[in-house]
Amino acid sequence: MPSDLIKQHIPPAAVLFGSFLPYVLTAAPMVTAGDCGELVSAAFTLGVAHPPGYPLYALAGKAASLVPLGDVASRMNVLSAALMSFTALAAYLIMGVLAGGSRGVHAAAALAAAYCSESWGLATSAEVYPLQILLSLLALYSLARWRKGGGPAFLYTGSFLAGLSVASHYTALVFLPAFALIFTLGAGREDRLRSGVLSAFWFLLGLSVFVYLPLRAAASPPLNFGRPDGIQAFLAHVTRASYGDLGAFRMFTGGAPAAVGLSAGSGGMAVAAIAALAGLMLVLLKRAAGRSFRLLPALLAAGTCLYLLKLGVKGITAAKIHYMAGILREESWWAVLPFAAFGIYRLYVKDRDLFYAASLLLASLTVVMLIRVPVSRTDYALPLAAKFFTPWFVITALLAGVGAAGLADSVRGGRARAVSGALAACAFAFAAMLAVRNHAAADSSRLYWPHDYSVDLMRTFNEGALFLADGDHHPFLGIYQKTVEAARPDVTFLDEAGVVFSGYERMSDIYRGPSQTVYCSQDSELDFFPGIKVRQAGIINWWDMGGVPAPDPAPYYTFRASAVDAADAYFPDRSIYANYNYHMARRYSGMGEYRLAEAALLDVVRVGGDLIWVRVNAGNLYNSWGMPDRAVREYREALRLAPATPAAYMNLGEIYIANGEYRLAREAFETAARYSPGDPGPGRRLEEIKRLEAGEFR
């Protein structure tokens, strides 16, 4: 009946539009900080982004950039909003496939996943993660439909989407063990060998989008990161070899330090995926011989879990668990976890195979998430790590929806309808609470300062200037200005290794001598080009001045007056605003303008005094100005806010050593060692204290 159709379509429509509307209203109106400038530039010019290149995102972003609404960056910001909205819809559909039940409860759970700060944060600016999460969930939906009796088309579609998800971002590797387990446990279905070969074909077809990289690199687009137009360069780009410890091959060797969290997290994802594919290959061989070998799926799951356990023992510390508990408390996610646990139990009762796959997926996501958790808020990897938390929050919300719907279904008799309605109402109330609470922090609708920052950055460059970048982060906003807004075509960007902005084999190709103004993004990298000295070339360290005097400080005062005021007026995130003023304080310090430097630093403390990194870095600046007492106060305030802050203890120890207070220094370094067991720094300093006390250095 038409009324039944309307009721059937109201919940998914509510999920889709109920998430998209707040997303698009809070989306950034222009380019944002981080990778946004690079990703928008790569999509707009069909160029090559940082490893592994993100070809599918570049193509999707190019399509979005053609929509004649707003500027290019805002179009791609809205693309992220749309992708995350469809992610919430995919979560809703998966709940219906896994367990059925109340559609209202499923819709509320999907909205809770959409309104959590991790999901909302990805929906407001151009990033690669929304596309990866959506494709991974669509692959899970297709495979679940196949497992529930759908035709082989669902299996092959899921395999193709899995390949596309891996090509979108390597975080998708953590889903592959669960995907492979769903397939291997599908006994009694189509011919295993034939369906396995076809699934592998469709998976590789999804990965084939990487062919975009050499094709576009050969065309020399304006942004050609690494120039992967040859086999060696292509493999280095796809495997992230240029990122060293973050490279894809290094994570198979176990040589990456797990305590760092970055390469260890990627290693867990990749090795788990390799274990899954190896187990799948064994199953295919056994099936080809006409044998039914149900033990292999169990061995596959056990092998993956054992590796994840090993990885967790190395990379998960009590401090990280404590920190993650704080994140869950801030998100009120403890209310979700009991329902997620009941959802796992419901799968155990209704479909044992999907229970195994869901448990493996949740375990993998949990271990990887805990490895990626920073030890404290002084860790600048926090914004990056938070992006890896989103799949875990979405999956737990999904399982909670399954559990809540199952709880409603377990009630029989006349009260069943009332219980189902009450659970749905409570779930919607929880989602609404998340929306109200997280709105202010996620709202980027007045985020203009990164664009102002990039405009003023280019304005400070002299005619024909050369910008020497120490990496791929600082110049991204400038690259956006050059490629998308066609500003300052006379400025040339070049990095130390010639990887980010390739095309110049020798510095002499573009360096015209001392008459050319050369800017640099870090003072530690000022001499990385042989034969070019800082003062001979007139290099200006634009990022923090680094003690190199500016020939004309006026542009920097203009810069602060425009961009910092814009940040104060438009950007609600105190952390980024404080970070901005902190770097201004460093610049003024390098210029010898200590009065302005201290004023900027006091502004940092004013807006971010309850942020641990603010207190630690304020102490660092005071110490560099020969004011150790002020520095000690800042470090102690940081420790009051977060006792597990190794950097504060290390810096206190250095001051105590300088003052000859060896007992206090020893206590500080011992505490730092306890909170950061993988760091050799405290141990070395403790050995030096022993020598100092023994008089070896006197």
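Find the all-direction average of the projected area of the Cα convex hull for the stretch 98-232, expressing the result in square nanometres with one decimal place. Don't skip to the end; give the middle numbers.
Details: hull surface 43.3 nm².
Across all orientations, the stretch 98-232 yields a mean hull projection of 10.8 nm².
Hey, can you find the accessible area per residue of the stretch 81-232 for me, probe 1.4 Å, expressed in square angstrom? Working shown, then result.
Values: 4540 Å² over 152 residues.
About 30 Å² of surface per residue is accessible.
Run the accessible area of the stretch 1-107 with a 1.4 Å probe and give the carbon-and-sulfur part as a rounded percent.
It is 77 percent, rounded to a whole number.
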Worksheet entry | Fraction of alpha-carbon pairs over 22 Å apart in the stretch 597-698 - percent | 32 percent
Worksheet item: Looking at the P(r) of the stretch 616-675, how many percent of alpha-carbon pairs lie beyond 13 Å?
Response: 54 percent
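If eta is 1.306 mPa s and T is 10 °C, what Stokes-Einstein diffusion coefficient results for the stretch 1-157, Kirkwood Rh from Cα pairs, in µm²/s? Can you show the working numbers first?
Working: Rh = 16.6 Å.
Here the translational diffusion coefficient equals 96 µm²/s.
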Worksheet entry | ³J(HN,Hα), Karplus 6.51/-1.76/1.60, whole Hz, each residue of the stretch 92-98, x for Gly, Pro | 4, 5, 5, 4, x, 6, 5
Worksheet entry | Angstrom value of the Kirkwood radius, inverse mean 1/r, which spans all Cα pairs in the stretch 8-89 | 13.4 Å
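The values are calculated or read from the model by the stated rules, or taken from the named source; none is laboratory data. Quick caveat: nothing in here was measured; it's all calculated off a predicted structure. Ligands, DNA and RNA are excluded from the accessible area calculation, which covers all protein heavy atoms including side chains. Shrake-Rupley method; radii C 1.70, N 1.55, O 1.52, S 1.80 Å.
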